[in-house]
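S.K.: Can you read through this structure? Questions will come right after.
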Amino acid sequence: MKIRNGLTCFLIGVLLAWATCVPIVGQSASSSSNLTPTTTKPVEDVSGYNQPPKSILDVMQAPSLPIPTVSPTHDSILLVSWQEYPPIARVATPFLRLAGVRIEPKNHSKHDTPGGYGITPCATNFELVHLAGGTQLHVAIPAGACPGEPIWAADGKRFAFVNIATESVELWIGDAKTGEAHRVPGVRLNPMLDDEMKWMPDQKTLLVKLVPKGMGAPPPEPVVPIGPSIQETEGQKGQSSTYENRDTLGSKHDEDLFDYFAASQLALINAATAAITPLGKPENYESLDPAPDGQHILVSVIHKPYSYVTTYDRFPKEVEVWDVSPHSHPLARTIASLPLADRVPIDGVPVGPRDFSWRATDPATLVWAEALDGGDWNVKVPARDKILILKAPFNTPAAEITRTEQRFGGFSWSEHPNIALLTEYDNNRHWTRTFIVDVDDLQQKPRLLWNISTDENYANPGLPVTRHLANGSVVVRQDGDSIYLAGVGSSVDGDRPFLDRLNLNTLKYERLFRSDKTCYERFLSFTGPDTRTLLTWHQSPADPPNAFTRTLGNALDATAGEAAFASTSFPVTHILDPAPAVRAIKKRLVKYKRADGLDLSFRLYTPPGYQEGTRVPTILYAYPLDYADPSTAGQVVGSQETFTQLYEYRLLLLAGYAIIDDASFPIIGDPKKAYDTYLEQLVADAKAAVDEAVSLGVADPDRIGVTGHSHGALMTANLVAHSGLFRAGVATSGSYNKTLTPFGFQSERRSVWEASDIYLKVSPFFFADKIKIPLLIIHGAEDANPGTTPLQASKLYEAIRGNGGTARLVLLPHEPHWYTAMESNEQLIYEMLRWFDKYVKNTPPQPVTGSR
């Protein structure tokens, strides 16, 4: 494909995209947006929100399936059901954008999840299940409450959770024996910078962040500007990645608001008496981490000067250890003074101390890492990080215990006091290594345990099974010389979760359990000290997820990869099917090859009542992934044996469409330049999937559509521009002009100035004159992801419209990157169904004209 004059096209694109872009920094959600196109006449058939047919609405409005949370003592399960789609009234709650956080000023709550991808979810129901006897207790919460995820105390006697109320964020504590829960009076939590609630090691006390008393009203916005917003750079590089500059500060008033809402008063709360003991004075506390001894707390405090180009996690901070034995007057010792880190290399780390944590098996020993390469992946050095350790009373220099050849990934501390697993990772190769280390004997050379690609699924060893010590510290469970590993168990036939036992001396594995081929059953925990009885989460296409106890029996003469022990199971919970109509949908794993011989796969869903051999309109959904090695790119992931649930595009199955779901779309190459062949591989991936679905006799080659979200939306727009495979496309929350993220995107690390032709080639905005296949563009009007701002959608629409193409732009009010409100999701499905019915299902058969 020939790219038109690279520099000229780049400059035109930037000017077109930026011409009407006015930055909105620190603006509240109640302010009007200037990102909607002003030159397009409103579509006449839109009046308020629309709904899809009743058969789809019934499934959307069905109760959600609960998620299990097992107590640390393994004798109880909390089944937590979540609100699938909140009402638009909640999503539309006004908020402030403050250095990467969206805060609702009325009650001091966080408006969205980390990264701004969705609204903070509300639980709708708690059910407490006692394994002994199988009794189930309903945990009563007030009607209209918005509880968060429950946090168990390590002794299993209590659980705590936040509740987002109208005027405040409340603290609630539940009794694991009776199931009764109550609000702690006089507590207004401040969740702005997270860590608003943690159990102390005595498991009787909660460490919390409170909204300080006597704060008064927030700083009012000046009626007259106090001056201009000024930024300055003095010759140093200061690149910002796509995800780094979300909702940054932009004025002195923004800074004042940040200080007002970030300020917290630390306190200890007695779970039995509700007595509140303040700690220290109000500050902008970020992270809180109690030491295993219960006497010390690791505290980080954010302070000025702030940055207008990055989020709060890069602001200057003091890292301190507090001795809280005096309680209200803790003794603080500074461990590190970290400066503003607004010039960190893309995919790099800040210089200086970072990644602080406590050694789980010591009373009060700090561990952290420091970069030896300036935090820059591009620098070649013998070792990238050094690891340091500092013991209480923290009055001596830290001791270096080891260095890592690649970037430090962290320690997993074993129950054995001398053993830990140290992980390092290499983003340049998509690689990770794990070592067995003795941190108390530095003369012993670390033993290599795993040396594996981060893209490897089939040989992935799984994750170590952990348990809680009495003080709440989480350690790797170890019996003698053996630890346990629970994994997804990806295979050529799909995922089959497993539980292994690994001897750390011999490095030999023993498979204790593997999910049967006819279901999907994953390990949750052991039920106690006896490792022969497991708690699992079992489901199949016909059976909703439920907890089971599984007892290992006699040894078997098992084949490679299969369980070495027989086992019997017994159901613990009895969750019912919330949407029986969905069981009429069938799915299967389909394996095929790309034109170059690469193995690929997808899951093919067929609609209710489908007759084999009948060709039906079909929708392809995919999300391209980047791979460094072709040997891992074609591996099968996911399972066709899970309980079928319908969300988003899958709901179109109820309207008679087949779905080519999660089709493999690998982009393979050196991570430093994989996008050189992105477009060619994208089209090859799509052609292989479409050809296979047609060859199976399911897909009608004249009636195939394509859809994708975020990076998948970029895929969708490129496929309608550059392939002749599809009759229509639906792109949601996409990024279509990569010159607007000039310092990289996905795995692309080169800047637009280093690889301008590549940025242009992958950007469908610059090929809008070639997009003649109908494209529906949907976007959240409050998308916080800097790479997928609403501007991306409106400008692509204007470009297609200006070049005579067929397109429709739908901006969903108040929605972030993922759409959350019931009304918005109903509109989404209505729009997708309307579009695909018009341009795919009901279009007359005819050759599809592509751009090539």
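The values are calculated or read from the model by the stated rules, or taken from the named source; none is laboratory data. Since the model is a prediction, treat every value here as computed from it, not as a measurement. FYI the Cβ positions are ideal-geometry reconstructions off the backbone, even for glycines, and counts take in every protein chain you see. Accessible surface areas use protein heavy atoms only, side chains included; no ligands, DNA or RNA. Shrake-Rupley method; radii C 1.70, N 1.55, O 1.52, S 1.80 Å.
S.K.: Any residue in region 702-709 that is outside any strand (DSSP E or B) and either surrounded by 23 or more Cβ atoms within 10 Å (Cβ to Cβ) or of a type in the set (A, V, I, L, M, F, W, C) (or both)?
M.R.: Step one: of region 702-709, the residues outside any strand (DSSP E or B) are none.
No: region 702-709 contains no residue that is outside any strand (DSSP E or B) and either surrounded by 23 or more Cβ atoms within 10 Å (Cβ to Cβ) or of a type in the set (A, V, I, L, M, F, W, C) (or both).
S.K.: Still on this structure: Taking Lys391, is it modelled with pLDDT under 95 and basic (Lys, Arg)?
M.R.: no
S.K.: If we scan region 680-694, do we find a residue that is surrounded by 24 or more Cβ atoms within 10 Å (Cβ to Cβ) and free of Cβ contacts under 8 Å to residues at least 40 places away in the same chain?
M.R.: Within region 680-694 (the criterion being surrounded by 24 or more Cβ atoms within 10 Å (Cβ to Cβ) and free of Cβ contacts under 8 Å to residues at least 40 places away in the same chain), the answer is no, since none of the residues qualifies.
S.K.: All but one of (1) part of a loop (DSSP other than H, G, I, E, B); (2) crowded, with 21+ Cβ neighbours inside 10 Å hold for Val730, so report the exception by its number.
M.R.: (1)
S.K.: Shifting gears a bit: Among the residues of region 771-798, write down those that are outside any loop (DSSP other than H, G, I, E, B) and of a type outside the set (A, V, I, L, M). Let's see the steps before the verdict.
M.R.: Step one: of region 771-798, the residues outside any loop (DSSP other than H, G, I, E, B) are 775-780, 786-788, 790-798.
The answer is His779, Gly780, Pro786, Gly787, Thr788, Pro790, Gln792, Ser794, Lys795, Tyr797, Glu798.
S.K.: Being over 23 Å from Pro86 (Cβ atoms), at pLDDT 95 or above and either assigned to a loop (DSSP other than H, G, I, E, B) or touching a Cys at 6+ places or on another chain (Cβ under 6 Å) (or both) is the filter here, so list the residues in region 29-71 that pass it.
M.R.: Ser71
S.K.: Okay, moving on. So which strands (runs of 3 or more DSSP E) stay within region 416-471 end to end and still have 2 or more residues that are closer than 25 Å to Phe513 by Cβ and open to solvent by 60 Å² or more (accessible area, probe 1.4 Å)?
M.R.: The qualifying strands (runs of 3 or more DSSP E) are 466-468.
S.K.: Considering only residues that are farther than 30 Å from Asp247 by Cα, in contact (Cβ under 8 Å) with a residue 24 or more places away in the chain and touching a strand residue (DSSP E or B) at 6+ places or on another chain (Cβ under 7 Å), which ones fall in region 298-334?
M.R.: Of everything in region 298-334, those that are farther than 30 Å from Asp247 by Cα, in contact (Cβ under 8 Å) with a residue 24 or more places away in the chain and touching a strand residue (DSSP E or B) at 6+ places or on another chain (Cβ under 7 Å) turn out to be Val321, Trp322, Asp323, Val324, His327, Ser328, Pro330, Ala332, Arg333.
For every residue, the table says whether it meets (1) closer than 30 Å to Ser453 by Cα; (2) open to solvent by less than 20 Å² (accessible area, probe 1.4 Å).
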{"position": "Phe523", "(1), (2)": "yes, no"}
{"position": "Ala555", "(1), (2)": "no, no"}
{"position": "Pro571", "(1), (2)": "no, no"}
{"position": "Arg583", "(1), (2)": "no, no"}
{"position": "Leu589", "(1), (2)": "yes, no"}
{"position": "Ile619", "(1), (2)": "no, yes"}
{"position": "Tyr627", "(1), (2)": "yes, no"}
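S.K.: Suppose we keep only residues that are in contact (Cβ under 8 Å) with a residue 60 or more places away in the chain and of a type outside the set (A, V, I, L, M) within region 181-195. Which one would you say is most open to solvent (accessible area, probe 1.4 Å)?
M.R.: So the residue we want is Arg188.
S.K.: Okay, next question. Can you say whether Gly348 is buried (at least 20 other Cβ atoms within 10 Å of the Cβ), without any contact (Cβ under 8 Å) to a residue 60 or more places away in the chain and closer than 29 Å to Asn428 by Cβ, as far as the supplied structure shows?
M.R.: Against the criterion (buried (at least 20 other Cβ atoms within 10 Å of the Cβ), without any contact (Cβ under 8 Å) to a residue 60 or more places away in the chain and closer than 29 Å to Asn428 by Cβ), Gly348 qualifies.
S.K.: Here is a follow-up. So, of the residues in region 351-364 that are open to solvent by less than 40 Å² (accessible area, probe 1.4 Å) and touching an Asp or Glu at 6+ places or on another chain (Cβ under 6 Å), which turns out to be farthest from Ala392 (Cα to Cα)?
M.R.: Per the criteria, the residue is Pro353.
S.K.: Between residues in region 490-505 that are farther than 23 Å from Gln640 by Cβ and part of a loop (DSSP other than H, G, I, E, B) and residues that are modelled with pLDDT of 95 or more and open to solvent by less than 10 Å² (accessible area, probe 1.4 Å), which pairs lie under 9 Å by C-beta distance while being six or more apart or on different chains?
M.R.: Filtered contacts from region 490-505: Leu504/Ser414; Leu504/Ile483.
S.K.: For Ala768, are the conditions met, namely being within 30 Å of Leu249 (Cα to Cα), open to solvent by less than 10 Å² (accessible area, probe 1.4 Å), outside any loop (DSSP other than H, G, I, E, B) and at pLDDT 95 or above?
M.R.: So Ala768 does not fit the description; no.
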